[in-house]
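Each remark here refers to the structure printed beneath this line.
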Amino acid sequence: MILKDKVAIVTGGASGQGRATSKLLAQEGAKVVFADVNEANGKAVEQEIREAGYEARFVCLDVTDEAAVQAMVKGVEEQYGRIDVLFNNAGIGYGAKYKMAPVHEADTRDWKGVLDINLNGVFYFSKYVLPVMIRQRSGSVINNASSAGLMGQPGADAYTASKGAIISLTRSWAVLYAQYNIRVNCICPGGIDTPMMQVLTAQPGVYEQFIRGVPLRRLGCPQEIAHTVLFLASEGAGYITGAIIPVDGGMVAQ
Ligand SMILES: NC(=O)c1ccc[n+]([C@@H]2O[C@H](COP(=O)([O-])OP(=O)(O)OC[C@H]3O[C@@H](n4cnc5c(N)ncnc54)[C@H](O)[C@@H]3O)[C@@H](O)[C@H]2O)c1
C-alpha cells in the first residue's frame, strides 16, 4: 500500500474527481478525511469507502467558510496527529448557480461566487494545513486547477482566473515551503467525465465537438485523476515540486 498510515484531506470529495481520489487514497492505506458541501453524496461516499474496508470520514462544510475549514483541520490533527496530503479539489463551474458571461455583461455576484469557492477555498485549506506540515517537516499539497487556467476560455472569466491563480500559487508555495520538505504541485485536468462536465456534454453535439479538440479523442475518467494525485502524494514523486501537470489527453500540447 503506497500511502500506508498517511493522513489525507480531500476537498470536494463527494463527487467526481474528489470521490475517486478519496476512494483510491483510502484503498492505498491513507486515513482520508474529505470535505464537501453536499451532505447526501458525502455520506454515501463515506459509507462506500468504509464498506470496502478502508478508513474515511466525511465532514460537511462549505470551503468558503474559513471558520469551518479551521475547525476541520484542527479536528484532523487532533484525531491523527498529522496531515500528510492535501488535495485542494473542490470547485464549481458555470450552471444553475453561477452564470457565464463576457466581462462587459457579467454579474459581479457570479464573479465573486466562483472565485470564492475555487480560489479562496484553496487559500483557506492551505492556510490551516501548511502549519501542520511545517511542524512535521513533510507534506504534499496537490491543487486541482484546470486546462482552463492554461488557455483562454472566452466568457469564463472567474473560472479561468481562479484556475490561473491556483497555478501561480502552486509555484510560489512550492518555492517557499521546500525548506520544510513540503511539496506543492498542481494538476490541470482537461475534460473529465464528472457531473461538472456532464452538464455540458448532455447538450446535443457538445461531446463530439469537445473531443475533436482532444488528441486522445475522449474525456478523461475520474480514476485517471485519482492515480495522478496518488503518484504526486507518494514518495515516488519525492523530487517533484512546483510542477503544473496537464491531465487532458494532449489538449494543451497542441
Ligand atoms: N470535470 C472537468 O472536466 C474538470 C476539468 C478541469 C478541472 N476541473 C476541476 O476539478 C475539480 C473537481 O471537479 P469535478 O469534475 O470532480 O466536479 P464535480 O461537480 O463532480 O465535483 C465537485 C465537488 O465539489 C463540491 N463543492 C462545490 N462547491 C463546494 C463548496 N463551496 N464547498 C465544498 N464543496 C464544494 C461539490 O459538491 C462536488 O461534490 C474542480 O475544482 C473543477 O474545477 C474539472
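Some observations on this one:
- Per-region count, segment 47-62, residues surrounded by 14 or more Cβ atoms within 10 Å (Cβ to Cβ) and assigned to a loop (DSSP other than H, G, I, E, B): 4
- All of (1) open to solvent by 20 Å² or more (accessible area, probe 1.4 Å); (2) away from the ligand (no atom under 14 Å from the Cβ) hold for E39 with one exception: (2).
- Residue match in segment 107-118 (condition: touching a residue at least 24 places away in the same chain (Cβ under 8 Å), under 28 Å from K31 (Cβ atoms) and out of contact with any Cys (no Cβ under 7 Å at 6 or more places or on another chain)): yes
- Residues being β-branched (V, I, T), more than 15 Å from the ligand (Cβ to nearest atom) and touching a Phe, Trp or Tyr at 6+ places or on another chain (Cβ under 9 Å) are represented in segment 94-107 by at least one member.
- Residue, surrounded by the most Cβ atoms within 10 Å (Cβ to Cβ), within segment 1-15, restricted to residues that are part of a strand (DSSP E or B) and away from the ligand (no atom under 15 Å from the Cβ): A8
- Restricting the first member to segment 50-67 and to residues that are without any contact (Cβ under 8 Å) to a residue 60 or more places away in the chain and away from the ligand (no atom under 15 Å from the Cβ), and the second to residues that are basic (K, R) and open to solvent by less than 60 Å² (accessible area, probe 1.4 Å), the beta-carbon pairs closer than 6 Å and six or more apart or on different chains are E55/K31.
Here's the yes/no breakdown for (1) more than 25 Å from Q70 (Cβ to Cβ); (2) modelled with pLDDT of 95 or more; (3) among the hydrophobic types (A, V, I, L, M, F, W, C):
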residue: G95; (1), (2), (3): yes, no, no
residue: M100; (1), (2), (3): yes, yes, yes
residue: G113; (1), (2), (3): no, yes, no
residue: N120; (1), (2), (3): no, yes, no
residue: F125; (1), (2), (3): no, yes, yes
residue: N181; (1), (2), (3): no, yes, no
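- Among the residues of segment 63-108, none is identified as more than 19 Å from the chain's Cα centre (by Cα), charged (D, E, K, R) and open to solvent by less than 50 Å² (accessible area, probe 1.4 Å).
- Here segment 16-36 is the region considered, the condition is being in a loop (DSSP other than H, G, I, E, B) and open to solvent by less than 30 Å² (accessible area, probe 1.4 Å), and the residue that is nearest to K6 (Cα to Cα) is A30.
- Matching residues in segment 185-208 - criterion: being near the ligand (Cβ under 6 Å from one of its atoms) and buried (at least 17 other Cβ atoms within 10 Å of the Cβ): P189, G191, I192, T194, M196, M197
- Filtered residue count, segment 172-211, keeping only those that are in contact (Cβ under 8 Å) with a residue 60 or more places away in the chain and among the polar types (S, T, N, Q): 2
Residue-by-condition table, conditions (1) among the aliphatic types (A, V, I, L, M); (2) open to solvent by less than 50 Å² (accessible area, probe 1.4 Å); (3) more than 16 Å from N88 (Cα to Cα):
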| site | (1), (2), (3) |
| --- | --- |
| A158 | yes, yes, yes |
| A165 | yes, yes, no |
| W173 | no, yes, no |
| L176 | yes, no, yes |
| F210 | no, no, yes |
| M251 | yes, yes, yes |
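- The listed residue being within 16 Å of the ligand (Cβ to nearest atom) and either in a helix (DSSP H, G or I) or in contact with a Pro (Cβ under 7 Å, 6 or more places away or on another chain) (or both), out of A226, A178: A226
- In segment 145-171, the residues that are farther than 21 Å from G250 by Cα form Cβ pairs under 6 Å with partners that are among the polar types (S, T, N, Q), at six or more places apart or across chains, as follows: S162/N118; T170/N143.
- Sole residue being within 11 Å of the ligand (Cβ to nearest atom), part of a strand (DSSP E or B) and in contact (Cβ under 8 Å) with a residue 12 or more places away in the chain, chosen from F87, F125: F87
The values are calculated or read from the model by the stated rules, or taken from the named source; none is laboratory data. Keep in mind the model is a prediction, meaning the values are calculated, not measured. With ideal geometry, Cβ positions are generated from the backbone for all residues, glycine too; neighbour counts draw on all protein chains shown. Just so you know, the surface numbers come from the protein's heavy atoms only, side chains and all, with ligands and any DNA or RNA stripped out. Shrake-Rupley method; radii C 1.70, N 1.55, O 1.52, S 1.80 Å.
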